[in-house]
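*Asks:* Right, I'll just put the structure down here and ask away after.
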Amino acid sequence: MQYDITALGACLCRHGHIINLMNIFTGERYAYAALFMLRILQAGIRPEFVWYDINCRWSIFFKRFMEAQPEEYRAVVEGLQFPLPVWHLYAHRCCICFFLVACLALMLIGVI
């Protein structure tokens, strides 16, 4: 049996408003989250951080992805933070210190 939609990805602002919906055909891929971020930038939204459960790996991909994008978008994400959600820290012991510090820094300045 084949379905038209296998999974649905949603990008929402902090108020719960939908920014973008995406039909995810092939499971979780770095490209889907990168395209979500590109849509956010195209909408004129200036994110301060991206909270994603695989930030330790995805942030590296995203920085390379942004090198191929127009300068106007690269400048917006220059100081973008990539904290790792607390519930995922134990699964990522190798990078726990860096992402815990980033998360604490965001908490201290009142972003999260």
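Read-outs: derived from the displayed coordinates by stated rules, not from any lab. Bear in mind the structure is a predicted one, so any value in this text is a computation, not a measurement. Virtual Cβ from ideal backbone geometry, glycine too; neighbours counted across all protein chains shown.
*Asks:* So who's got an amide H within less than 5 Å of the one on Leu84, skipping anything under 5 residues away but keeping other chains? H placed 1.01 Å off N, in plane.
*Replies:* So Leu84 has HN proximity to Cys103.
*Asks:* Quick one: which residues, 5 or more positions from Ile19 or on another chain, have an amide H under 5 Å from its amide H? H modelled 1.01 Å from N in the peptide plane, none for Pro or chain starts.
*Replies:* Under 5 Å from the amide H of Ile19: Cys11, Leu12, Cys13.
*Asks:* Continuing with this model, one more query. Along the positive direction of the dipole of the range 1-60 (beta-carbon charges: Lys, Arg +1; Asp, Glu -1; about the Cα centre), which of Val50, Thr6, Tyr32 reaches farthest?
*Replies:* With unit charges placed on the Cβ atoms, the residue in question is Val50.
*Asks:* Under a crude label model (7 Å from the Cα following the beta-carbon direction), how far is Met107 from Leu80 in nanometres?
*Replies:* Rounded to a tenth, the inter-label distance reads 2.4 nm.
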